[in-house]
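**Student:** I'd like to ask some things about the structure below.
Each reported figure results from applying straightforward, stated rules to the coordinates on display, with no laboratory input. Keep in mind that what you see is a predicted model, and the values were worked out from it rather than measured. Note that each Cβ is placed from the backbone with ideal geometry, even for glycine, and that neighbours are counted across all protein chains shown.
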Amino acid sequence: MAGINNIISTFDRLPALPGAVNRVVSMLSSGEYDMGELESVISTDEALTSAVLRIGNSAAYGTPGKTFALKQSLVRLGSATLMKLVLEQEMTQVFEVAGAGYGLRRHAMWRGSVGGAVVAEKIASDSKFTDPNLCFVCALLRDIGKLAIDAYLCGDNAPQADPDEDYLNQERSAFGFDHAEVGRLLAQNWNLPDRIADAIGFHHTPPAPDDQTHDVLFDIVHAADVVCLWSGMGIGCDGLNYRVAEHVKQAYLPHRKVAEEYMAFAWTRISEIEDDSQQTRGAIA
């Protein structure tokens, strides 16, 4: 059985957040940064600069007939949207080829990650949660623990799901930790804010409302994860062997129709994102 030191030792085999991304996330998390310094850091990363300019000058943020430079785009996006954009940009590359140890084909982990992110953002908006962007980020990162376990397995496979047992218990039996716990450790290793790390750690087991650690953010991320599983996104050898928290089901997925609407939304948005990505690659080519 793996101990915590075995799991942590795999972190140096994982893709670390690039220097520019790490600095941007740290600056945005602290809430105290100089816009000129932020611009300087982002400008050292071509992919980040391109993404910021593209979104900052999109119809959602731009003014018809006017083009905004990098610093102006940063101001228009704001810190919450910028955090979302930076992490989405980076994790798209990481998740694209991840998940083999969990029986996931190339692209499947990315689809589950982004699918959960857009659903979490949608649920947050529908329920009037104060920060949909934060929900997006937490759901996007919720399965990063599988990256660490993938690295620990070194080409082997995680256990096949036993239909009679919760998969988290099976991971604990096999490794000593489950992927949610390891994900929390990895988020802390990446110096992400504690609330994001906790949302990752609780994405399968959100505390009940009467628990002092309860957070609506955790509930929304859990609900988004459930929607993705029910829709078939990102399912590997773990299958559907996770319990749905009753208080989350009642609050956000009370009826089959509600769940089906979110499932349809997830697939629609994923298709749109994939189409946009193909068009962008075609334009570059």
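**Student:** If we count trypsin sites (Lys or Arg not before Pro) as exposed when they sit in a DSSP loop and have at most 13 other beta carbons within 10 Å, what is the longest stretch of the chain that avoids them all? Intermediate values should be presented prior to the final figure.
**Tutor:** Values: sites that count: ARG105, ARG106, LYS128, ARG243.
The answer is 129-242.
**Student:** Along each principal axis of its Cα atoms, how long is the stretch 17-95 end to end? Whole angstroms, biggest number first, please.
**Tutor:** Cα spread of the stretch 17-95 along its principal axes, largest to smallest: 36, 29, 20 Å.
**Student:** Something else about it: Mean Kyte-Doolittle of at least 0.5 plus a Cα span of 18 Å or more along the axis: flag which DSSP H helices in the chain meet both, please.
**Tutor:** Correct list, ordered by number: 216-231.
**Student:** Still on this structure, I have one more. Most mobile of VAL221, VAL21, VAL41 per a Gaussian network model of the chain (Cα springs, under 10 Å)?
**Tutor:** VAL41
**Student:** Next up: Could you pull out every one of the aspartates and glutamates with an alpha carbon less than 13 Å from that of LYS71, ignoring same-chain neighbours closer than 8 positions?
**Tutor:** Excluding near neighbours in sequence, the set is ASP34, GLU37, GLU39.
**Student:** If you don't mind, there's one more thing I want to ask. Over the chain, what is the relative contact order in percent, taking alpha-carbon pairs closer than 8 angstrom and at least six residues apart? Don't skip to the answer; put the middle values down first.
**Tutor:** Values: 388 pairs, mean separation 57.1, N = 285.
Once divided by the residue count of the chain, the mean separation gives 20 percent.
**Student:** When Rg is the radius of gyration of the Cα atoms in the stretch 163-244 and Rh is its Kirkwood radius, what does Rg/Rh come to?
**Tutor:** On the way: Rg = 13.0 Å, Rh = 13.4 Å.
Taking Rg over the Kirkwood Rh, I get 0.97.
**Student:** Springs between alpha-carbon pairs under 10 angstrom, Gaussian network model over the chain: which of GLN160, GLN212, GLN72 fluctuates most?
**Tutor:** Ranking GLN160, GLN212, GLN72 by mean-square fluctuation puts GLN212 first.
**Student:** Show me the GluC sites (Glu not before Pro) within the stretch 150-210 that DSSP assigns to loop and that have at most 13 other Cβ atoms within 10 Å of their Cβ. Don't skip to the answer; put the middle values down first.
**Tutor:** Numbers: sites: GLU165, GLU171, GLU181; in loops: GLU165.
Passing sites in the stretch 150-210 are GLU165.
**Student:** Would you mind checking LYS84/LYS128; LYS146/LYS249; LYS146/LYS257; LYS122/LYS249 for any pair whose Cα atoms are more than 22 angstrom apart?
**Tutor:** Details: LYS84/LYS128 18 Å; LYS146/LYS249 25 Å; LYS146/LYS257 31 Å; LYS122/LYS249 16 Å.
With Cα atoms farther than 22 Å apart: LYS146/LYS249; LYS146/LYS257.
**Student:** If you don't mind, there's one more thing I want to ask. For LEU53, LEU48, LEU82, what ranking results if the residue with the fewest other Cβ atoms within 10 Å of its Cβ goes first? Provide the component values of the computation, followed by the final result.
**Tutor:** On the way: LEU53 18, LEU48 22, LEU82 26.
With the fewest neighbours first, LEU53, LEU48, LEU82 line up as LEU53, LEU48, LEU82.
**Student:** Remind me, what semi-axes does the chain give for its equivalent ellipsoid, largest first in whole Å, using sqrt of 5 times each Cα gyration tensor eigenvalue?
**Tutor:** For the chain, the ellipsoid semi-axes come out as 30, 22, 19 Å.
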